[in-house]
Amino acid sequence: MNFVSEALNLSKFSTERLEERGILKRAFLKHPFFSDIIDAFRLEKKFGIFEEGTVIVKSKHGVKVLRGFPKIRRILYLESGLKKHFGDKRIALEEKMNGYNVRIAKIGEEIYAITRRGLICPYTTEMAREKIPMDFFKEFPEHMLCCEAVGNASPYVPDYYGIDGLDFYLFDIRECRSNRPLSIHEKKEIAERYGIKMVEILLETSANDTESIKKVLEDLNERGREGIVFKEIQMLLPPLKYTTSFSNCGDLSYAFRNFEEYGRDFMLARIIREAFQGFEFRDSLDERAYRLGKAILSSAIESISRVSEGKEVTEEVRLIFSSEEVLELFKMHMKLLGITLRETDRRKKGDKIEARFERVMRATTDKIKSLLEGNPW
Ligand code: ATP
Ligand code: MG
C-alpha cells in the first residue's frame, strides 16, 4: 500500500482511510496471467483530481498511475448546447460506439486492459494482446489507448455492429499519469500508422453548423447507431455527447425487459432525452411515440411471457478464450464484480475455447413470478 501513498502524494494514514471507506480497492486477482503485476489498486470514486476508475499499479518496472476515463457530459438540446460549450472553435463529430470502455496500457513487459471502474479484466486483456500492436508502446510507453470494445464476444454489452469476436475502436490517446489527450489529428495519424482501428470521424465543423450536425445524427439513427461525441479538435475542452433515438429506445427496451434490475432514473433520463429530441427535430410525433411505446412495452411483455412459461429472464453471452486458465480466471473476475454468470456450454473451436454463459435477471424474474401468482405490486 505504500506505493499508493507515494503515487498519489498522500500520507499513509489518508491512504488507509481511503481503503477503510471502500474508495480504494484491489484492481485485480493475483494470477500468473497477470505476471507483471505485483499489486494494483483502483479508486471506486472520484478523489481529488483522480477520476473514478484510476488505477495505481506496481510492477517489476516501477509504479504507474493510470487515470480513470473522464465522464463525458451530455447535452439534450444541440442548438444552444454546442455553441455554449464550444463557442466558435472547430469541432470533430466522432461516432459514439456502444460497447464498453477499455484503457489499454503497457505494464511491465505486457499489454493490460482496464475496464471503466478500474479493474484489470483478464478476458479483455487477452483480446487486447491479440489485437493491439506492441510497437505503439515502444513509441509511447507512458500513454494509454482509450478504446470502445465491441463485438458479439463481449462479456458486458451485446453486439450492435455485426462484429464477430471482439474489436477495439480507439477514441482517445491519453498520457496515463496526467490524463492529457492528444489532439484529434495526432490520434488519427498514429492510429493509421499502427493500424489501430478508430471510431469514425463523421464531420469536422464549427459548433453553429446545427443543420449539418442534425443531418449526421439523422443518418446515424437510420443506420441504427448510438450517437455522437463532440470534441474540440485540439482536445483542450472537455467533449460532449448526444445520442440517437435508436439508442435511447434501445436502452429503454433493455431496461424494461429487466425492469427490476434497472433504476427508475435510468428510464426517466432516456424518456426526457426523447422529448427534447422530438422538440428540437420537429419530426413526426406519432412515429416517435410509437417507437418509444413499443420499445417499452414489447420487451416488458416478452419478459412476462417468458416467466409465464416457467422460464427465467436471462441474457446469453458467448465468449472466446485461448486457454482454460484464462476462462477460469475470468469466472472469478465476474464473481468479484458481483455478476452471477452460469456457464452453460464449453467446447473447443480450433485452438480456442468457446464458452456460453447465462446471466439470470433474478430480481425481474422473481417480481414477475410473484405478480403472475396474483400478489399485489
Ligand atoms: P460517462 O461517465 O462517460 O458519461 P457512461 O457510462 O454514462 O459514461 P456513455 O453514455 O456510454 O457512458 O458515454 C461515454 C462513453 O462512451 C465513454 O466512456 C466511452 O466508453 C464511450 N465512447 C464511445 N465512442 C466514443 C468516442 N468516440 N469518444 C469518447 N467516448 C466514446
Ligand atoms: Mg456506452
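No lab work stands behind these numbers, since they all come straight from the coordinates. The shown structure was predicted, so the numbers you read here are calculated from the model rather than taken from an experiment. Because the Cβ atoms are built from the backbone with ideal geometry, glycine has one as well, and the counts that use them run over all protein chains shown.
Brief remarks follow.
- Build a GNM of the chain with springs between Cα atoms under 10 Å apart, and of Phe321, Phe266, Phe34 the one that fluctuates most is Phe266.
- Here the peptides 239-245, 300-306 are ranked by packing, the mean other Cβ count within 10 Å, and the order with the highest first is 239-245, 300-306.
- In a reduced charge model with +1 at each Lys and Arg Cβ and -1 at each Asp and Glu Cβ, the chain shows a dipole moment near 920 debye about its Cα centre.
- For the chain, modelled as a GNM whose springs connect Cα atoms under 10 angstrom apart, the maximal fluctuation among Arg282, Arg273, Arg180 occurs at Arg282.
- Charge dipole of the range 133-286 (Cα centre as origin; +1 on each Lys and Arg Cβ, -1 on each Asp and Glu Cβ, all else neutral): 300 debye, rounded to the nearest 20.
- Cα convex hull, the range 1-109: 167 Å³ per residue, rounded to a whole number.
- Debye log10 I(q)/I(0) at q = 0.13, 0.17, 0.23 Å⁻¹ for the range 71-179, Cα point scatterers: -0.57, -0.87, -1.24
- Our summary gives the range 81-200 a relative contact order of 23 percent, counting only alpha carbon pairs under 8 angstrom and 6 or more residues apart.
- Radius ratio Rg over Rh of the range 120-272, counting only Cα atoms, Kirkwood formula for Rh: 0.98
- If you take the Cα centroid of the range 308-364 and the Cα centroid of the range 209-269, the two points sit 28 Å apart.
- Along each principal axis, Cα extent of the range 198-284, largest first, Å: 42, 31, 21
- Cα gyration tensor category, rounded, prolate or oblate, for the range 239-377 with a/c compared to 1.5: oblate
- All lysines inside 29 Å of Lys83 as judged from Cα atoms, apart from same-chain residues fewer than 8 positions distant: Lys46, Lys71, Lys96, Lys187, Lys188, Lys214, Lys215, Lys231, Lys241
- The helix-only estimate of mean residue ellipticity at 222 nm for the chain, built from DSSP H runs of length n ≥ 4 each weighted as -39500 (n - 2.57), is -12000 deg cm²/dmol after division by the residue total.
- Using only the C-alpha atoms, the convex hull of the chain corresponds to 157 Å³ per residue.
- Reach of Lys369 by Cα under 21 Å, taken over lysines that are not fewer than 8 positions away in the same chain: Lys311
- Normalised by 2.2 N^0.38 Å, where N counts its residues, the alpha-carbon radius of gyration of the range 123-187 equals 1.21.
- Spatial extent of the range 285-358: Rg and Dmax, with the Cα atoms as the point set, Å: 17.9, 53
- Taken as Cα centroids, the range 111-163 and the range 21-45 sit 17 Å apart, rounded to the nearest whole angstrom.
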